[in-house]
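The values are calculated or read from the model by the stated rules, or taken from the named source; none is laboratory data. What you see is a predicted model; the values in this text were computed from it and never measured. Cβ: placed from backbone, ideal geometry, glycine included. Neighbour counts: every protein chain shown. Ligands, DNA and RNA are stripped out before the accessible areas are found, and what is left, the full protein with its side chains, is counted by its heavy atoms. Shrake-Rupley method; radii C 1.70, N 1.55, O 1.52, S 1.80 Å.
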2 protein chains.
Amino acid sequence: MLSKKTKYGIKALTYLARQENKTPVAIATISKSENISLKFLESILLTLRKNEILASKKGKGGGYYLLKEPSEIQMTAVMRVLEGPISMIPCVSLNFYEKCKDCPDENACAVHNLMEQVRDNTLKIFRNTTLSDLCKC
Amino acid sequence: MLSKKTKYGIKALTYLARQENKTPVAIATISKSENISLKFLESILLTLRKNEILASKKGKGGGYYLLKEPSEIQMTAVMRVLEGPISMIPCVSLNFYEKCKDCPDENACAVHNLMEQVRDNTLKIFRNTTLSDLCKC
DNA sequence: TAATACCCTATTTACTTGGTAGGGTATGCA
DNA sequence: TGCATACCCTACCAAGTAAATAGGGTATTA
């Protein structure tokens, strides 16, 4: 299940991507427009900044803005920063791999092979979708 | 993230599907073979029985067995019974739909449209995969 | 210098997961 | 009939996570 954190994060990113100019937008502005708890959104944007998807400007007239062009921000990056693994199970994860304790042979595991298929397909979608695609809705 | 419940359930189902004849298999047998906590597995198999994927026989020589042919058991059914929604977000779920509180217009929501794509692809995989496919690993 | 707005840590509440415990009940076989 | 087997059912618990809240600190700019 997608966390609210990721959901709010994506919404905030599309909000920023839709801005004409690249002047910073205050957290409170996004919070009101997208119906997101101010403090919760604050921590999400902070995470995105630490992971170099967003940048910020302090003080009066400050706020957050995109570090790259919307067309250069892939959903794989956003998902991994906010949600963590894209795979449904750690034993098929590319970036968050972990071996199953109960499973002696991954290649003989039905769950492993099924979830590998799901991962491949989901990955393909996230790779082929950028922030600019999401703004077209 | 896939729950252990679903993972164990699929493993148990493939174990049953691999049986030559359709004689009942005791929970303890599957538990040992697949390294699954006995009592936890018991509750999982019970769920599968209540949802008419498995049937059981009580008493000596009893156990669980498949109600249908492996090739007739789609992964969509298994996933919905054990994991719940296949979608990553309730607002795109076919069987567990729920409206987002913060979202005034679903069709204008970037998250909604992205997750709809993911759902379609995952659904396609689960629909085209039966228990007999999983046994081929 | 004062207002703005980001920055950071800590805490709370509610919920879910995974597992445990213990006994009840139906079945088959000697 | 009686006993062992093995499913059936309810309740409980520890640990972790999600989502939100609180409160203050710091940099910037007008």
Original post:
Taking only C-alpha pairs under 8 Å that are 6+ residues apart, what is the relative contact order of segment A:67-113 in percent?
Top reply: 20 percent
Original post:
For the Cα atoms of chain B, what angle does the longest principal axis make with the long axis of helix B:4-17, in degrees from 0 to 90, nearest 10?
Top reply: 50 degrees
Subject >> Cα point-scatterer Debye curve for chain B, base-10 log of I(q)/I(0) at q = 0.09, 0.16, 0.22 Å⁻¹ >> reply: -0.33, -0.83, -1.30
Subject >> Three-way shape call for the protein assembly as shown based on the alpha-carbon gyration tensor, with the a/c threshold at 1.5 >> reply: prolate
Subject >> Where A:Asp105, B:Asp102 fall by accessible area, highest first, once all protein chains stay in place (1.4 Å) >> reply: A:Asp105, B:Asp102
Subject >> Helix-only [θ]222 nm of chain A, DSSP H runs n ≥ 4, -39500 (n - 2.57) each, per residue, nearest 500 >> reply: -14500 deg cm²/dmol
**OP:** Please go through segment B:97-137 and write out the GluC sites (Glu not before Pro) that DSSP classes as loop and that have at most 15 other C-beta atoms within 10 Å.
**Re:** B:Glu98
Original post:
What's the FRET efficiency of B:Leu123 with A:Lys60 using the Cβ-Cβ distance as r and R₀ = 45 Å, to the nearest 0.05?
Top reply: 0.35
Original post:
Counting only protein chains, not ligands or nucleic acids, how are B:Lys58, A:Lys22, B:Lys5 ordered by accessible area (probe 1.4 Å), most first?
Top reply: B:Lys58, A:Lys22, B:Lys5
Original post:
Which chain A residue hugs the A-B rotation axis most tightly by its Cβ, and what is that distance in angstrom, to the nearest whole number?
Top reply: A:Asn121, 2
Original post:
Sequence-distant or interchain residues sharing an amide H contact under 5 Å with A:Ala26, placed H: which?
Top reply: A:Tyr64
**OP:** Note down the magnitude of the dipole of chain A about its Cα centre, charges +1 on Lys and Arg C-beta and -1 on Asp and Glu C-beta and zero elsewhere, to the nearest 20 debye.
**Re:** 820 debye
Original post:
For segment B:9-89, what's the relative contact order in percent, using C-alpha pairs closer than 8 Å and at least 6 residues apart?
Top reply: 31 percent
**OP:** Please report the buried accessible area for the interface of B with A, total over both chains, probe 1.4 Å, in Å² to the nearest 100.
**Re:** 3100 Å²
**OP:** Taking 7 Å along the Cα-to-C-beta vector as the label spot, tell me the A:Cys103-A:Glu42 distance in nanometres, rounded to one decimal.
**Re:** 4.1 nm
**OP:** Using Cα centres only, tell me the gap between segment B:5-47 and segment A:1-42 in whole Å.
**Re:** 45 Å
Original post:
If ligands, DNA and RNA are left out, what is the accessible area of A:Arg80 with a 1.4 Å probe, given in Å² to the nearest 10?
Top reply: 60 Å²
Subject >> Potential lengthening between B:Gln74 and B:Lys4 on full extension [0.36 nm per residue; Cα-Cα distance subtracted] >> reply: 23.3 nm
Original post:
Can you work out ³J(HN,Hα) from phi for every residue in segment B:46-63, in order, using Karplus 6.51 cos²θ - 1.76 cosθ + 1.60 and θ = phi - 60°, giving whole Hz and x for Gly and Pro?
Top reply: 4, 4, 5, 5, 5, 9, 6, 9, 10, 10, 9, 10, 7, x, 4, x, x, x
Original post:
Once you list every other residue whose beta carbon is under 15 Å from the beta carbon of A:Leu46, what net charge do they have if Lys and Arg are +1 and Asp and Glu are -1?
Top reply: +4
**OP:** For peptide A:99-106, compute the average count of partner chain beta-carbon atoms within 10 Å of each residue's beta-carbon.
**Re:** 2
Original post:
Can you give the Rg and Dmax of segment B:85-130 based on its C-alpha atoms, in angstrom?
Top reply: 11.3, 38
Original post:
Of A:Lys5/B:Lys4; A:Lys32/B:Lys101; A:Lys4/A:Lys124; A:Lys11/B:Lys99; A:Lys4/A:Lys57, which sit over 19 Å apart, Cα to Cα?
Top reply: A:Lys5/B:Lys4; A:Lys4/A:Lys124; A:Lys4/A:Lys57
**OP:** Could you go through segment A:107-114 in sequence order and give the Karplus-derived ³J(HN,Hα) for each residue, using 6.51 cos²θ - 1.76 cosθ + 1.60 with θ = phi - 60°, rounded to whole Hz, and x for Gly and Pro?
**Re:** 5, 9, 8, 4, 5, 3, 5, 5
Original post:
For B:Ser43, what accessible area in Å² do you get when you roll a 1.4 Å probe over the heavy atoms of the protein chains, rounding to the nearest 10?
Top reply: 50 Å²
Original post:
How far apart are the B:Cys103 label points across copies, placing each 7 Å from Cα toward Cβ, in nm, shortest first?
Top reply: 3.0
Original post:
Taking a label point 7 Å from Cα toward Cβ, how far is A:Ser3 from its twins in the other copies, in nm, shortest first?
Top reply: 1.9
Original post:
Can you work out ³J(HN,Hα) from phi for every residue in segment B:75-87, in order, using Karplus 6.51 cos²θ - 1.76 cosθ + 1.60 and θ = phi - 60°, giving whole Hz and x for Gly and Pro?
Top reply: 5, 4, 5, 4, 4, 5, 6, 8, 9, x, x, 7, 5
Original post:
Within the accessible area of segment A:85-130, what % is carbon and sulfur when the probe is 1.4 Å and the other protein chains stay in place?
Top reply: 48 percent
